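Here the structure comes first, spelled out in structure tokens, and everything after it is commentary.
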Amino acid sequence: MPRKIIIDTDPGQDDAVAILLALASPEDITLLGITAVAGNVPLELTALNARKVCEVAERPDIKVFAGCDRPLAHSLVTAEHVHGKTGLDGPDLPAPKMPLQDAHAVDFIIETLRSEAPGTVTLCALGPLTNIATAFRKAPDIVERVQEIVLMGGAYFEVGNITPAAEFNIYVDPEAADIVFKSGAPITVMPLDVTHKALVTGPRNDAFRALDSHAGRTVAAWTEFFERFDKEKYGSPGAPLHDPTVIAYLIDPKLFQGRHVNVEIETVSELTRGMTVADWWGVTDRPANAMFMGDLDADGFFDLLTERIGRL
Ligand code: RIB
Ligand code: CA
């Protein structure tokens, strides 16, 4: 039975690959809609990019909604230095023909959770958690109806990528992350501890290009653009493909290993704003609230991803 999901996202090349993976996997995933949030680039661009990605997969039928254009309590921090000024630099993609939905993304999240059977909709968060936290604040009744929140964000052993202490998605809107992590909804976290082991090495990028399809060439061009920042900063052999780990988890959870632990979010200190304080070693009596992943089968992940992108 395919899982019904909403992808909340700030495309971003890695978000884009995650969306393609979901669209290429109808036996595992029914994509109810895509909700764009401000993050890597401003909202207008993330809402545009989400539609460009759907058209790469020839799926103009997918409903795309624009959501919050700024974090709950801070001014927006973007990441053009990583993703380029369009947020989707690399291949030249045409402006989308498909429309943006009229409804606000937050209202789509609320209405979907209220209308679908309880416990049957998974929220896949690939960017700052502003839309989801806003929906939870506006309609607290929907929290218990969420099947699972699977999100890319945070870090423990890997510490930060935007500051020494914090990962970008959580750093941009720590108040939203705090609401989500305290909500009581079942949460599975793909932190940098996992995504920094999902590196698009040369051979892995070559495998995308060897698919010899528009989708395969587009994915290869996205990852080639996206990798230059991380290779320079970390000296790594390729870009960490962060967001597709969220979708791969839904398709084959055995690819991942982690621990159910307490995770709390720093929202007060400027120095460590957005840090995910994961009690990995169980040194506190704070209740566990998240399945915090620590490792993955990287070859298995890329084999799955390449096979599925090859379907498009
Ligand atoms: O820190 C990595 C995360 O920030 C990814 O989701 C990437 O797309 C950016 O949003
Ligand atoms: Ca993202």
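Read the figures in this text as sums done on the coordinates, not as results from a lab. All figures in this text were calculated on a predicted structure; none of them were measured in a lab. Neighbour counts run over all protein chains shown; Cβ positions are idealised from the backbone, glycine included.
Brief remarks on what is shown
- Sequence-separation-based contact order of the chain, relative, with Cα cut under 8 Å and 6+ spacing, percent: 20 percent
- Of the three principal axes defined by the Cα atoms of the stretch 118-209, the extents in descending order read 47, 31, 19 Å.
- Placing dummy labels 7 Å off each Cα toward the beta-carbon, the span from Asp141 to Arg311 is 3.6 nm.
- The C-alpha radius of gyration of the stretch 1-95, expressed as a fraction of 2.2 N^0.38 Å, stands at 1.06.
- On full extension, the segment bounded by Tyr234 and Met1 gains 79.9 nm, given 0.36 nm per residue less the C-alpha separation.
- Helix-only [θ]222 nm of the chain, DSSP H runs n ≥ 4, -39500 (n - 2.57) each, per residue, nearest 500: -10500 deg cm²/dmol
- Intensity falloff of the stretch 75-164 expressed as log10 I(q)/I(0), Debye formula with alpha-carbon point scatterers, at q = 0.21, 0.22 Å⁻¹: -1.13, -1.15
- FRET efficiency, 1/(1 + (r/R0)^6) with R0 30 Å, evaluated for Lys182 and Ser75 via beta carbons: 0.80
- Added length on full extension, which subtracts the Cα-Cα distance from 0.36 nm per residue, Arg59 to Leu271: 72.0 nm
- Pairs exceeding a 22 Å alpha-carbon distance, out of Lys197/Lys231; Lys52/Lys85; Lys138/Lys182; Lys85/Lys197: Lys85/Lys197.
- Mean separation of Cα pairs under 8 Å and 6 or more residues apart, divided by the residue count, gives the stretch 155-224 a relative contact order of 24 percent.
- Remark: the chain projects, on average over all directions, an area of 14.3 nm² (convex hull of Cα atoms).
- Gain upon complete extension [Arg209, Ala288; 0.36 nm per residue less C-alpha separation]: 24.3 nm
- Beta-bridge orientation, the chain: approximately 30 percent antiparallel, per DSSP, counting only bridges with both partners inside.
- Here is the size of the stretch 192-280 from its Cα atoms: Rg then Dmax, 16.2, 49 Å.
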